[in-house]
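Derivation of every value follows stated rules applied to the coordinates shown; laboratory data play no part. If you're wondering where the values come from, they're calculated on a predicted model, not measured in any experiment. Cβ atoms come from the backbone with ideal geometry, glycine included; neighbour counts cover every protein chain shown.
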Amino acid sequence: MGSFSIWHWLIVLLIVVMVFGTKKLKNLGSDLGGAVKGFKDGVKDGGADAAASDTTAAPGQVANQQSAEKTTIDVEAKQKS
């Protein structure tokens, strides 16, 4: 009862292809591949950004404060009467 034979896996694969179809499985595979590629690029860029911020501590902090100020939205709340 431990592991399945190759015939069990082929039957499972056949059922999955019959249920979802080859087009959806192809799209799912390409979407998954794109997500993995994006994740790897993000990790690589994050490591480069962390190394750059370690070398320039004071100017990097000023730049981060300036970029944070640009994205801040100032709003006034009105009270209901």
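Between VAL16 and VAL75, the simple spin-label model (points 7 angstrom out along Cα→Cβ) gives 4.5 nm. Applying 0.36 nm per residue to the separation of ASP31 and TRP7 and subtracting their alpha-carbon distance, the gain on full extension is 5.8 nm.
How long is the gain from LYS23 to VAL43 if the chain were fully straight, where each residue apart is worth 0.36 nm and the alpha carbon distance is subtracted?
Details: separation 20, 0.36 × 20 = 7.20 nm, distance 3.04 nm.
Net length gain for the segment: 4.2 nm.
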